[in-house]
Every structure is written in C-alpha cells, then in structure tokens.
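Input: a single structure, listed below in structure tokens.
The numbers here are math on the coordinates, done by the rules we state, and not lab data. Quick caveat: nothing in here was measured; it's all calculated off a predicted structure. Positions of Cβ are backbone-derived with ideal geometry, glycine not excepted, and every protein chain shown enters the neighbour counts.
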Amino acid sequence: MTMSKYSKRRRAIQGISIALLLSIPLRFFCFDLEQECLRVFGMDFGLATMFYPLFAIVGLLLVVIVLSMKKGRIFCSHMCPMHMFLETVNSPKNKESDSRPVKVWIWSVVLSLFLTEVILSFFQPLDHQVKMIASGHLPIIGISVALLFGFMGLFVHYQEHFCKKGCPYALIQMLLQSDNTRFMEFANPEKTCTNCRGCDDICPFNLRARFESKGTDCTNCNLCAEACTTELGEDKTLFHLIDPQPAEGAAETK
C-alpha cells in the first residue's frame with residue numbers, strides 16, 4: 001500500500017512520540033526526588049525554576065487542544081500509543097487471523113510494561129524500583145500492579161471502545177468539534193466504489209469508514225484513503241481530508 005506524504009509525516013511524529021516516552025526511563029526527562037529538581041535533557045530545574053518546563057508542557061497541551069479544534073483528533077492518530085496498538089492488532093492481516101488473540105496479549109503485555117515503567121521512571125530510576133520492590137515496599141508494589149493491570153485491561157478488553165467512549169481526550173474533542181473542524185469525506189459521485197471494504201478492514205477503530213468518517217470517532221489517520229487508492233489506483237481515492245473554510249463558504253481538499 002502506497003504511503004502518502006500525510007501518512008509519512010504521521011509516522012514520523014509517532015516515532016518522535018515513542019522516542020520522547022523512551023527518554024523518561026532513560027532519565028533524560030524525569031523528576032529527581034533526591035535532588036528535588038526536574039531534569040529535562042541535561043538541564044536541571046529546581047523548585048524555584050521548575051515553572052519554566054511546566055509552563056512549556058502546559059503550552060504544548062494547549063497547542064494540541066487548539067490544533068484539535070481545527071484538525072480533529074490529531075493526538076490520537078499522531079501520538080497516542082493506543083492508536084499505534086490498534087493499527088497493529090486491527091490491521092487487515094491480523095484482524096481475521098487466528099493468531100490475533102495471541103498478538104493482542106503479547107502487544108498488551110509489552111506496552112503495559114513499557115507504559116508502567118514510563119510512569120514509575122519519571123520519579124524513580126529502574127534500579128531503585130527493583131530494590132524497593134525486592135525489599136517489599138508496598139506503595140510502589142501497589143502502584144506498579146495497579147498501573148500494569150489498568151493498562152492490560154485497556155489493551156486487552158476495551159481497546160477502541162475506550163478510545164470512543166472513555167478517553168478524556170475523546171470527550172474533550174467531542175466538545176471542540178465544530179463546523180470548522182477537519183473531517184474525512186467519502187465522495188462517490190461517479191459510483192466507482194467497488195465495495196471491497198478495504199477502508200473498513202484497515203480502520204483501527206473498526207468504523208464503517210464510508211458512513212462514519214465524518215463523526216467524532218474518526219481520527220483522520222488517512223488509512224482508509226490509502227486503502228482506497230490501493231484498490232482504485234493513484235489519485236482515484238474516494239476519501240479526502242477536508243478543511244472547511246466557513247468565511248468563503250467553500251472547502252479546501254487536502
């Protein structure tokens with residue numbers, strides 16, 4: 001399947017997001033409890049200067065929210081580990097495979113352990129965690145078990161249902177959605193759709209892409225457009241990302 005420029009950019013941002021998460025267990029970005037400082041890639045911010053990186057983080061969150069008002073659920077499709085997980089286990093190759101449950105469990109365990117360690121490592125390095133667990137430190141044992149089983153429940157059981165109904169960002173996006181928000185449009189004026197269902201099969205959220213792409217559950221990941229291109233040929237996809245232009249009463253196709 002040919003990857004568009006949009007998808008290449010999305011994959012690059014996903015890679016950067018994973019790298020940033022990895023920076024926490026590697027202690028490039030963490031809170032040092034002993035030194036009482038926030039460490040950000042070699043720079044230490046004490047209690048008096050900690051507000052600088054905190055303001056930067058809040059600013060980044062605000063940027064994501066503002067972009068979401070215009071571009072839709074970009075955090076989901078570009079940065080969220082759950083979306084990456086669903087793209088893997090709900091791919092056409094895996095969706096109907098007999099080995100899908102095994103792959104779901106394997107990826108769930110890997111990602112749950114990783115995300116649990118990311119959270120714990122922000123406050124305690126791995127070697128300290130091991131020593132505390134070995135000594136029977138109940139608080140860190142309880143937190144670790146709760147995080148691990150919480151993530152396992154999301155990845156194994158809830159999956160896309162959590163993304164649609166339970167994710168706080170999804171709920172915020174429902175409030176931010178407006179007539180000016182980017183959406184994926186399915187247009188079949190010449191009746192060239194072959195009903196191959198490739199768009200449905202590749203959707204990470206198991207949406208009926210031709211009928212639900214305009215809703216708040218769609219993350220504008222562009223996978224349905226690429227599947228349609230594979231079926232109909234280059235530049236013949238029936239799916240297009242639309243950026244409404246209310247001032248002009250028109251819409252620009254991306």
Once the in-chain neighbours fewer than 8 apart are removed, the lysines whose Cα is under 23 Å from K165 read K70, K71, K95, K214
Summing -39500 (n - 2.57) over every DSSP H run of at least 4 in the chain, dividing by its residue total and rounding to the nearest 500, the 222 nm mean residue ellipticity is -15500 deg cm²/dmol
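Working out 0.36 nm times the residue gap between F51 and S91, then minus their Cα-Cα distance, what length gain in nm do you get to one decimal? Walk me through the intermediate numbers first.
Details: separation 40, 0.36 × 40 = 14.40 nm, distance 4.21 nm.
The span from F51 to S91 would gain 10.2 nm if fully extended.
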Taking the alpha-carbon centre of each part, the distance from segment 126-183 to segment 67-102 in Å is 16 Å
Exposure proxy check on F29, F211: fewest-to-most Cβ neighbours within 10 Å is F211, F29
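Indicate the gyration tensor shape class of segment 179-253 (rounded, prolate or oblate), computed on the Cα atoms with a ≥ b ≥ c the square roots of the eigenvalues: a/c under 1.5 is rounded; otherwise a/b larger than b/c is prolate and the rest oblate. Please report the intermediate quantities before stating the final value.
Working: a/c = 2.20, a/b = 1.40, b/c = 1.57.
Judged from the Cα gyration tensor, segment 179-253 comes out oblate (a/c at least 1.5, b/c at or above a/b).
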The FRET efficiency for R208 and M3, from their Cβ-Cβ distance with R0 = 22 Å and rounded to 0.05, is 0.40
In whole Å, largest first, the alpha carbons of segment 73-123 cover along the principal axes 41, 26, 9
In segment 179-253, taking the dipole from +1 charges on Lys and Arg beta carbons and -1 charges on Asp and Glu beta carbons about the Cα centre, the listed residue (I202, L223, T237) farthest towards the positive end is I202
In the neighbourhood of R210 defined by beta carbon distances under 11 Å, the net charge of the other residues (Lys, Arg +1; Asp, Glu -1) is 0
Sorted by chain and number, the residues with a modelled amide H under 5 Å from that of E185, at a separation of 5 or more or across chains, are H240, L241, I242
Residue by residue through segment 139-148, the couplings from Karplus 6.51 cos²θ - 1.76 cosθ + 1.60 with θ = phi - 60°, in Hz, x for Gly and Pro, are x, 6, 5, x, 5, 4, 5, 5, 5, 4
Gyration tensor (Cα only) of the chain to equivalent ellipsoid, semi-axes in Å sorted down, yields 38, 23, 15
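Summing +1 for each Lys or Arg and -1 for each Asp or Glu, what net charge is found among the other residues whose Cβ lies under 14 Å from the Cβ of I133?
Values: positive: K131; negative: E117, D127.
Result for the local shell: -1.
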Given the candidates F183, S97, A56, the one whose Cα lies deepest towards the positive end of the charge dipole of the chain, counting +1 at each Lys or Arg C-beta and -1 at each Asp or Glu C-beta, is S97
Exposure-ranked with fewest Cβ neighbours within 10 Å first, S112, S17 stand as S17, S112
By the mean-Cβ-within-10 Å protection proxy, highest first, 218-224, 31-37, 203-209, 146-152 rank as 218-224, 203-209, 146-152, 31-37
